[in-house]
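There's a structure below that I have some questions on.
All of the numbers you see were taken from the coordinates with simple rules; none came from a lab. The structure displayed is predicted, hence computed values, not measured ones. Note: ideal-geometry Cβ built from the backbone for every residue, glycine included; neighbour counts use all protein chains shown.
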Amino acid sequence: MNYKVQTLNNISKKALKALNEKYTVLDQPENPDAILLRSFKMHDMDIPDSVKFVGRAGAGVNNIPLEECSKKGIVVCNSPGANANAVKELVIAGMLMSSRKVVDGIEWAKTLADKGEDVPALVEKGKSTFAGPELYGKKLGVIGLGAIGVLVANMAVDFGMKVYGFDPFISIDNAWGLSRKVKRSVNKEAIFKNCDYITLHVPYMEETKDFVNADLLKDAKPGLRLLNFARGGLVNYDALEEAIEEGIVDTYVADFPNERLLKMKNVICIPHLGASTPESEENCADMAINSMKEYLENGNIINSVNYPDCSMGICESTNRLTINHANIPNMLGQITKVLADNDINISVMTNKNKGSWAYTMMDVDSNVGENVKTALKGIAGVARVRIIK
C-alpha cells in the first residue's frame, strides 16, 4: 500500500528520508492519508476525508482544529520533548541576559564605534552600569516539570543554584529524571515568595490563562527575574507592567514578542527562538514521522493529543481493526455484536479513552469484509473504522 503524505511546512529532509517506498511526500497530493506540519494554521483549511493522521513537528497544537479532527476520526500527534534541549539552553541564556545586562551592554558598546583610541578607557568607565548578579547560589523556581522543565532544573543545579520545582501533575518518568537536589514546592505562591528567578514551563489553556497575575506578583520576592519560554498568554501584562514599575519584577524575558512587550521597560524579547535549532527541528520531525508510520501501518497511537495512546505492536492475526469513536456507554457491546453477527472471533482487543474520545483495536482470526466495516461505521458515535491488515 502507498501512503500519501502532505507537508504544510518545510519538514526536515533528513527526517523524511526515513520514509520508505510505501510513502509519497508532496505539498498538495490528492486525497492524502496524512498531514505533517509545524506552524501552519489549519483552522480555515478544508481537511480531506481521506486524512487519517495529522503530525505536528513540535509541541503546541493550537494551530490545529482538534475537535474537528476528532469528529472525523483523525488522530493528531505532536512531538513532546523533542525540542526540550534547545529550549533549555535558551532559558539558561535568558537567565544570564536578565542578570548580567548583556544585551544592554552590547548595544551600548556599539555606540562607541567612532571613539577611536578612547574606546578601552570608555569601556572601563561605563561598564559598571551593566553589572549584575551571578546565578550561583541564587534560588530558581521551575513551574512545570515536563521534559523542558526537568532539563532546566537539572542544569540550574549544575550551575550551583538552589532549585525549587512545582508541578502537581508531574509524570513518573519526569520525576525519575529530576535531580534529587531539586526541592519540591507545595504551591506556586511559595515559589514566587522565595525565588530570585522563576521560569514557566506549563501549557497554555483556559485554566492557565494569566497564570501569573497581580495576586501572585504582589507577594513576589522583590527583584524577581521572570522567564517565559512556554506561551505568551500565561502572564497578565497589566500585572507585569505594574510589578516592573514597583520594582517587584526586575526583568521579564519572553520568547513571544508583541507590540506591548516591545515597548515595556525591563523586558527582553527574544523572537521565538526556543526551538530554532537544526537539531530540534530534526528531532521533532523524527518523532512526528515515527508516530505517523506506527499509526498508518499498525494502527498504534503514540503522542496523541486528541485520542488516547494505544499500542498492540505488529499484528500477528489475520486482520486488525481499529475504531475511533466517542467515549460513550455500550460502545464496546455494539462493536463486538457486529463481529459476532458476522462469525468473527476476536483474538486480542484493547480499548482506551481520552476525554470525549476513545479508541478500540482488535486483532481477529478471520478476514474482515467491507460489509463489517460498513456496519461498524454505522454505529452512532463511530468516527472512523480502518482495516489495517
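Which order do 41, 263, 71, 293 fall in if you start with the one that has the fewest other Cβ atoms within 10 Å? Write down the numbers at each step before the final one.
Details: 41 12, 263 9, 71 16, 293 21.
Final ranking by Cβ density, sparse to dense: 263, 41, 71, 293.
Right, something else. Beyond a 26 Å Cα-Cα separation, which of these cross-linked pairs lie in this structure: 17/377; 188/352; 4/88; 188/354; 17/52? Working shown, then result.
Values: 17/377 35 Å; 188/352 33 Å; 4/88 35 Å; 188/354 28 Å; 17/52 21 Å.
Distance filter (> 26 Å) returns 17/377; 188/352; 4/88; 188/354.
What is the fewest-to-most order of 248, 379 by other Cβ atoms lying within 10 Å of their Cβ?
Ascending Cβ contact count within 10 Å gives the list 379, 248.
Using the charge dipole of the chain (Lys, Arg: +1 at Cβ; Asp, Glu: -1 at Cβ; taken about the Cα centre), state which of 54, 220, 253 has its Cα farthest towards the positive end.
220
Based on DSSP loop calls and a cut-off of at most 16 other Cβ atoms within 10 Å, the longest stretch of the chain free of exposed GluC sites (Glu not before Pro) is what?
Numbers: sites that count: 21, 30, 134, 246, 316.
Answer from the scan: 135-245.
Quick one: helix 278-298 against the long Cα principal axis of the chain, what's the angle to the nearest 10°, folded into 0 to 90?
The angle comes out at about 20 degrees.
Give the order of 361, 312 when sorted by the count of other beta carbons within 10 angstrom, beginning with the fewest. Let's see the in-between values first.
Values: 361 23, 312 19.
Sorted ascending by nearby Cβ count, the order is 312, 361.
Would you please give the FRET efficiency between residue 356 and residue 377, computed as 1/(1 + (r/R0)^6) with r the Cβ-Cβ distance and R0 = 22 Å, to the nearest 0.05?
E between residue 356 and residue 377, to the nearest 0.05, is 0.70.
What FRET efficiency, computed as 1/(1 + (r/R0)^6) with R0 = 45 Å and r the Cβ-Cβ distance, is obtained for residue 22 and residue 103, rounded to the nearest 0.05?
Calculated value: 0.35.
So between residue 9 and residue 311, what do we pick up on full extension, going 0.36 nm a residue minus the alpha carbon distance?
Here the segment from residue 9 to residue 311 would lengthen by 105.9 nm.
Where both residues lie in the chain, what percent of DSSP beta bridges are antiparallel, nearest 5? Intermediate results must be reported in sequence, preceding the final value.
On the way: 23 of 61 bridges.
Here the antiparallel bridges make up roughly 40 percent for the chain.
Given points 7 Å out from each Cα along the Cα-Cβ axis, report the residue 194 to residue 110 separation in nanometres with one decimal.
Going by the 7 Å Cα→Cβ label model, 4.1 nm.
Additional query: When only C-alpha pairs under 8 Å and at least 6 residues apart count, what is the relative contact order of region 49-136, in percent?
Relative contact order for region 49-136 comes out at 26 percent.
Given a Förster distance of 25 angstrom, what is the FRET efficiency for residue 41 paired with residue 263, based on the Cβ-Cβ distance and rounded to 0.05?
Working: r = 26 Å, r/R0 = 1.05.
Taking R0 as 25 Å, the efficiency between residue 41 and residue 263 is 0.40.
Straight-line reach only, C-alpha to C-alpha below 14 angstrom: list the aspartates and glutamates that residue 139 could link to, leaving out same-chain residues fewer than 8 apart.
Counting by Cα, and skipping residues close in sequence, residue 139 has these aspartates and glutamates nearby: 158, 196.
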